[in-house]
1. Out of all the residues in the range 12-26, is one or more touching a helix residue (DSSP H, G or I) at 6+ places or on another chain (Cβ under 9 Å), under 20 Å from Gly122 (Cα atoms), surrounded by fewer than 20 Cβ atoms within 10 Å (Cβ to Cβ) and not charged (D, E, K, R)?
2. Taking Asn3 and the conditions (1) more than 22 Å from Phe158 (Cβ to Cβ); (2) in a helix (DSSP H, G or I); (3) not small (Gly, Ala, Ser), which numbered condition does it fall short on, given that it satisfies the others?
3. When the residues of the range 56-103 are narrowed to those that are basic (Lys, Arg) and at pLDDT below 90, which ends up nearest to Thr125 (Cα to Cα)?
4. Before we move on, is Ala161 among the small types (Gly, Ala, Ser), part of a helix (DSSP H, G or I), closer than 27 Å to Tyr67 by Cβ and at pLDDT below 95?
5. Within the set of pairs 6 or more residues apart or between chains, which connect a residue that is exposed (fewer than 11 other Cβ atoms within 10 Å of the Cβ) and modelled with pLDDT of 95 or more inside the range 108-121 to a residue that is part of a loop (DSSP other than H, G, I, E, B) and not polar (S, T, N, Q) with Cβ atoms less than 7 Å apart?
6. So for the range 128-141 (the condition being surrounded by 13 or more Cβ atoms within 10 Å (Cβ to Cβ), among the β-branched types (Val, Ile, Thr), under 30 Å from Phe7 (Cβ atoms) and at pLDDT 95 or above), does at least one residue qualify?
7. Within the set of pairs 6+ apart or on separate chains, which have a first residue in the range 155-173 that is touching a residue at least 60 places away in the same chain (Cβ under 8 Å), a second that is crowded, with 18+ Cβ neighbours inside 10 Å and assigned to a helix (DSSP H, G or I), and C-beta atoms under 8 Å apart?
8. May I ask you to list the residues in the range 181-201 that are under 22 Å from the mean Cα position of the chain (by Cα) and modelled with pLDDT of 90 or more?
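The values are calculated or read from the model by the stated rules, or taken from the named source; none is laboratory data. Note that this is a predicted model, so its numbers are computed, not measured. Cβ atoms come from the backbone with ideal geometry, glycine included; neighbour counts cover every protein chain shown.
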Amino acid sequence: MKNYHFFATVSRMKYIHRWALMRNSRPEDLSEHSLEVAMIAHALCTIGNIRLGKTLNAERAALIAIYHDASEIITGDMPTPVKYFSDEIHAAYKDVEHLAEERLLSGLPEDIRPVYETILRGEDTPEDKLLHRYVKAADKLSALIKCIEEERAGNTEFRTAAVTTRDSLVEMSCEIPEIAIFLEEFLPSYGKTLDELLSTR
C-alpha cells in the first residue's frame with residue numbers, strides 16, 4: 001500500500017518561522033499563526049452572521065484559514081516588503097506558491113485530493129471568494145496582534161508595521177465592517193496580563 005505524505009508535511013508548519021526580517025522578542029511559527037487566523041476568521045464570520053444578518057460559512061472560513069499559508073512549508077515565509085516589492089516579484093512568487101501547493105497536493109490519494117484542493121486554492125464561487133477575503137482580513141488582524149505583543153514586550157522593531165497594518169485594516173473595514181467591530185471590542189484585550197484578562201471587566 002502506498003504511503004502519502006500530505007499530513008506529515010503539513011505538520012511541519014511548526015518549523016516555519018515568520019517575520020524573518022524583523023527582530024522578534026518571541027518567535028512566531030506558522031502553525032500558531034494559522035490557528036490564530038482560523039479563530040479570527042471564524043469570529044469575523046460569526047460577527048457578520050449575528051450582528052449584520054449575513055449567512056457566512058464560518059466553519060469553512062476557519063478551515064481555509066488553517067491551510068492558508070501551507071505552501072510556506074516549502075517556500076518559507078516570504079517577507080511582505082520583498083513579496084510586494086514589484087509586480088514582477090509578486091507574480092513570480094504567486095507562481096512559486098502555486099507550484100508549492102501542487103507539490104503538497106501530490107501527497108494525497110487521488111480520491112481525497114479534490115477536497116483539499118478546494119481548501120488550498122478555493123472554489124470558483126462568489127461565496128468562496130468572499131470567505132477568502134475574510135481570511136485575508138483575519139491574517140491582517142493576526143499581524144496587528146503580533147505587532148501589539150512585540151511593542152508591549154518593549155520591541156520597537158514592529159512600530160511601523162503596526163501603523164501600516166492598522167491603516168490597511170481600517171481601509172478593509174469599508175468592505176468588511178466586522179473588522180471594525182473586532183478592532184473595537186476584542187483588540188484592546190491583546191497584550192494584557194493573564195490577571196487582567198481573568199479579572200472582571
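1. No, the range 12-26 has no match at all.
2. With respect to (1) more than 22 Å from Phe158 (Cβ to Cβ); (2) in a helix (DSSP H, G or I); (3) not small (Gly, Ala, Ser), Asn3 is out only on (2).
3. My answer is Lys94.
4. Yes: the conditions hold for Ala161.
5. Hits for this filter: Pro109/Tyr4.
6. Yes: the range 128-141 contains one or more residues that are surrounded by 13 or more Cβ atoms within 10 Å (Cβ to Cβ), among the β-branched types (Val, Ile, Thr), under 30 Å from Phe7 (Cβ atoms) and at pLDDT 95 or above.
7. Close Cβ pairs satisfying both conditions: Glu157/Glu150; Phe158/Lys146; Phe158/Cys147; Phe158/Glu150; Ala161/Ala143; Ala161/Cys147.
8. Ile181, Phe182, Leu183, Glu184, Glu185, Phe186, Leu187, Pro188, Ser189, Tyr190
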